[in-house]
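To start, the structure under review is shown below, and the notes come after it.
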Amino acid sequence: MTAPTFRFAPSPNGELHLGHAYSALLNARMAGEVGGRLLLRIEDIDGERCTPDFERSILADLAWLGLEWERPVRRQSEHFDDYAEALRRLIDAGLVYPAFMSRGEVRAWLTDDAPAGWPRDPDGVPLYPPRDRLMSMGEREARLSRGESHSWRLDVEAALARLARRPFWTETGTGPGGETGPIAADPAAWGDVVLARKDVPASYHLCVVVDDALQGVTNVVRGRDLFAATAVHRLLQELLGLPVPSYHHHDLILGEDGRKLSKSRGDTGLRALREKGYTPADIVRMTGP
């Protein structure tokens, strides 16, 4: 019988903060309680923002906290072939299409042509316009042959039509509204999500489901800010025939202003706390996983 397998998967695009510490410590605690494995994955698909220096800082912070994880560490930047294969399967199945609209064209469409009340995704971003999804195959092939810049988007409507039933997941934590237990996924709320771009050859959504499957992850423990995105992950798992882990979405550590901690906002990082004299026990006490 396979041991329960957990993973902590930070992106090396900034310093770890208390919110990351909480998630890492919670993964370690839950894995320990069931005699499970703890993996570390470095999610570094964004080559512009992710750096080796930040990765070294992450490893130092986690070691300082006393965490232990299995080796080797999986780095997403070393596995683009895995993601390309998954994308190719979806393209061959007719479930992904090339999207040519630039950000400026999308903004213009939303301003001038979008129907009143055009929907937004759970993060508040307007859904992608339908123009490219409705484009004729001849025009698509002509534009691709000319080498026009494009991303690849999942045709969510076509994808859902392939399934015998609506996907769901088992939630052992809670969602933003206290949701728990079996959760019916609503991937359509996200519209036609990006699976790959010219500058980033695979999206977070695609990478995370492929990685979890290849690493044998059975228990995904992560912040509640990713609760809604699980619907997209469940859809991709169904389309690619991947195993389904259980999900546990946990509380977020909030700043004094009531917003979640963020690398980009310069919230106090673990290295800064360490340099001020805080101990690992202090961090455990502050986060309380």
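Throughout, read-outs are computed from the coordinates displayed, never taken from laboratory work. Quick caveat, the model's predicted, so the values are computed rather than measured. Reconstructed Cβ throughout: ideal geometry from the backbone, glycine too, with neighbour counts over all protein chains shown.
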Stretched fully, the stretch from GLU275 through THR2 gains (0.36 nm per residue minus C-alpha distance, one decimal, in nm) 94.3 nm
Taking amide hydrogens as modeled 1.01 Å from N in the peptide plane, which residues meet the under 5 Å criterion relative to ARG74, leaving out close sequence neighbours?
LEU40, ILE42
Once phi is turned into ³J(HN,Hα) by the Karplus curve 6.51 cos²θ - 1.76 cosθ + 1.60 with θ = phi - 60°, what whole-Hz value does each residue of region 100-109 show in order, with x for glycine and proline?
9, 5, 6, 4, x, 5, 5, 4, 5, 4
Nearest 500 deg cm²/dmol is fine: what mean residue ellipticity at 222 nm does the chain get from its DSSP H runs of n ≥ 4 alone, each adding -39,500 (n - 2.57), divided by its residue count?
-10500 deg cm²/dmol
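Net charge within 14 Å of VAL96 by Cβ-Cβ distance, Lys/Arg positive one each and Asp/Glu negative one each, not counting VAL96 itself? Intermediate results must be reported in sequence, preceding the final value.
Numbers: positive: ARG88, ARG89, ARG133, ARG140, ARG153, ARG162, ARG197; negative: GLU85, ASP92, ASP132, ASP155, GLU157, ASP192.
Charge balance near VAL96 sits at +1.
By how many nm would the segment from ILE91 to ASP282 grow when fully extended, if each residue of separation counts as 0.36 nm and the alpha-carbon distance is taken off? Please list the in-between numbers first.
On the way: separation 191, 0.36 × 191 = 68.76 nm, distance 4.94 nm.
Additional length available on full extension: 63.8 nm.
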Could you please report the charge total around ASP121, scoring K, R as +1 and D, E as -1 over all other residues with beta-carbon less than 11 angstrom from its beta-carbon?
-2
Applying the Karplus parametrisation 6.51 cos²θ - 1.76 cosθ + 1.60 with θ = phi - 60° to the phi angles of region 206-212, what ³J(HN,Hα) value in whole Hz is obtained for each residue in order, glycine and proline being reported as x?
6, 4, 5, 6, 5, 4, 4
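What value does region 1-47 have for Rg/Rh, both radii from Cα atoms and Rh as Kirkwood defines it? Please report the intermediate quantities before stating the final value.
Details: Rg = 12.2 Å, Rh = 11.6 Å.
Here the Rg-to-Rh quotient is 1.05.
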In a shell of Cβ-Cβ distance under 12 Å around THR180, excluding THR180 itself, what net charge do Lys and Arg (+1) and Asp and Glu (-1) give?
-1
For ARG37, other-chain or 5+-apart residues with amide H closer than 5 Å (H placed, Pro excluded) are THR5, PHE6
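Please give the FRET efficiency for VAL34 paired with LYS198, using the beta carbon to beta carbon distance and R0 = 51 Å, rounded to the nearest 0.05.
Values: r = 42 Å, r/R0 = 0.83.
After rounding, the FRET efficiency stands at 0.75.
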Tell me, what HN-Hα J-couplings in whole Hz come from the Karplus equation 6.51 cos²θ - 1.76 cosθ + 1.60 at θ = phi - 60° for each residue of region 218-235, using x for Gly and Pro?
10, 9, 9, 10, 7, x, 5, 5, 9, 4, 5, 5, 4, 4, 5, 5, 5, 5
Principal axes of the chain: Cα extent on each, largest first, Å:
62, 43, 37
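For the chain, what does the relative contact order come out to in percent, with C-alpha contacts under 8 Å and a separation of six or more? Numbers along the way, then the final one.
On the way: 433 pairs, mean separation 75.2, N = 289.
The normalised contact order for the chain reaches 26 percent.
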